[in-house]
Amino acid sequence: MSDRTRRLKRRHPTRTPEQPLPENLALNRRLRLGLPTEDEALLRGPLDPRIDHLNGDPWRVLRIMGEFVAGFDALKDVAPGVTIFGSARTPESDPMYQAAREMAYKLAKHNFSIITGGGPGIMEAGNRGAVEAGGTSVGCNIELPFEQGTNPYVRISVDFRYFFVRKVMFLKYTEGFVIFPGGYGTMDELFETLTLVQTGKIHDFPIVLFGTEYWSGLVDWLRDRVESNGMISPGDIDLMLVTDSVDEGVELLVSKFNEYHASNGDVDRDVP
């Protein structure tokens with residue numbers, strides 16, 4: 001194991017007694033070989049002597065295309081789904097873990113597939129709730145520069161090397177989003193989704209921010225600083241529902257789904 005890998009593993013502990021995960025040997029292959037991730041190889045500058053851009057990039061395009069094909073093929077029968085985002089560091093003892101599990105359970109009972117990043121924490125809670133409800137449990141895992149496992153509640157698993165391909169899958173096969181407390185990755189997913197809704201790139205998907213104490217500071221800042229300075233339009237804050245109620249979140253997702261498909265004449269898509 002290289003010194004760089006050891007440093008990354010110290011900074012990003014992926015296993016604790018509370019969160020044992022089955023190893024994902026295929027996803028961690030490049031880490032075990034001491035190689036940069038596919039994302040890093042793609043985004044490294046052309047002067048990096050470790051990366052053969054001249055000969056490697058054309059083949060990398062084919063790998064990206066293949067990853068899209070594999071993802072589309074694996075998930076084509078999954079919709080309608082709800083994507084649950086949140087921290088990989090949330091232990092089972094945390095109330096947010098239990099809330100995510102309950103949310104996923106109730107959504108699965110409404111015939112939604114549950115889609116997560118396939119890892120531990122909130123992702124595991126979402127997949128677990130789906131399985132306990134007898135629903136479809138999907139995990140879209142990602143290659144990282146430290147060891148990454150797949151939680152045992154994933155029933156349809158797709159591994160991705162490129163973040164942008166994985167994000168397309170989250171968006172393409174979902175009818176709404178539930179965002180639990182999380183860090184940079186969760187924020188990235190939240191703001192990318194908001195941007196796509198705000199700009200009309202995707203239809204007005206419901207976005208539920210779960211945990212008022214956690215999210216209220218961010219929402220207040222968006223209203224008091226970003227909106228008040230004209231950086232977003234009045235009403236853009238309303239693209240999100242901030243709540244502590246699992247039932248309120250489920251109700252919004254179900255009603256928005258039925259409303260959207262009814263308005264398009266797709267009455268057969270209604271969920272119970």
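The values are calculated or read from the model by the stated rules, or taken from the named source; none is laboratory data. Everything numeric in this text was worked out from a predicted model, so none of it was measured. Using ideal geometry, Cβ is built from the backbone for each residue, glycine included, and neighbour counts are taken over all protein chains shown.
In this structure, does Leu144 turn out to be under 17 Å from Glu248 (Cβ atoms) and either of a type in the set (A, V, I, L, M) or touching a residue at least 12 places away in the same chain (Cβ under 8 Å) (or both)? So Leu144 does not fit the description; no. Somewhere in region 197-205, is a residue at pLDDT below 95, not in a loop (DSSP other than H, G, I, E, B) and not polar (S, T, N, Q)? The answer is yes, given that some residue of region 197-205 is at pLDDT below 95, not in a loop (DSSP other than H, G, I, E, B) and not polar (S, T, N, Q). Residues in region 221-233 that are assigned to a loop (DSSP other than H, G, I, E, B) and either within 14 Å of Thr199 (Cα to Cα) or of a type in the set (Lys, Arg) (or both): Met231, Ile232, Ser233.
Taking the criterion of being modelled with pLDDT under 95 and over 12 Å from the mean Cα position of the chain (by Cα), the residues of region 121-150 that qualify are Glu143, Leu144, Pro145, Phe146, Glu147, Gln148, Gly149, Thr150. Looking only at region 107-120, filter to residues that are under 21 Å from Glu67 (Cβ atoms) and of a type outside the set (A, V, I, L, M); which one of those is farthest from the chain's Cα centre (by Cα)? Ranking the candidates gives Ser113 first.
For Val61, the criteria (1) modelled with pLDDT of 95 or more; (2) in a helix (DSSP H, G or I) hold in every case but one, which is (1). Could you list, in sequence order, all residues of region 115-161 that are more than 21 Å from Gly182 (Cα to Cα) and among the small types (Gly, Ala, Ser)? Hits for region 115-161 are Ala133, Gly134, Gly135, Ser157. Residues in region 197-213 that are in contact with a helix residue (DSSP H, G or I) (Cβ under 8 Å, 6 or more places away or on another chain) and over 19 Å from Pro80 (Cα atoms): Gln198, Leu209, Phe210, Gly211. When only residues in region 92-109 that are in contact (Cβ under 8 Å) with a residue 60 or more places away in the chain and loosely packed, with under 15 Cβ neighbours inside 10 Å count, which is farthest from Glu124 (Cα to Cα)? This residue is Ser93. The single residue among Gly126, Gly71 that is closer than 19 Å to Lys172 by Cα and either hydroxyl-bearing (Ser, Thr, Tyr) or buried (at least 23 other Cβ atoms within 10 Å of the Cβ) (or both) turns out to be Gly126. Being more than 24 Å from Gly211 (Cβ to Cβ) and in contact (Cβ under 8 Å) with a residue 24 or more places away in the chain, is that true of even one residue in region 112-133? The answer is no; no qualifying residue exists.
When we screen Met187, Met240 for residues that are at negative phi and in contact (Cβ under 8 Å) with a residue 12 or more places away in the chain, the only hit is Met240. Only one of the listed residues (Ser245, Ser263, Ser228) is over 30 Å from Glu143 (Cβ atoms) and either among the acidic types (Asp, Glu) or modelled with pLDDT under 95 (or both). That residue is Ser263.
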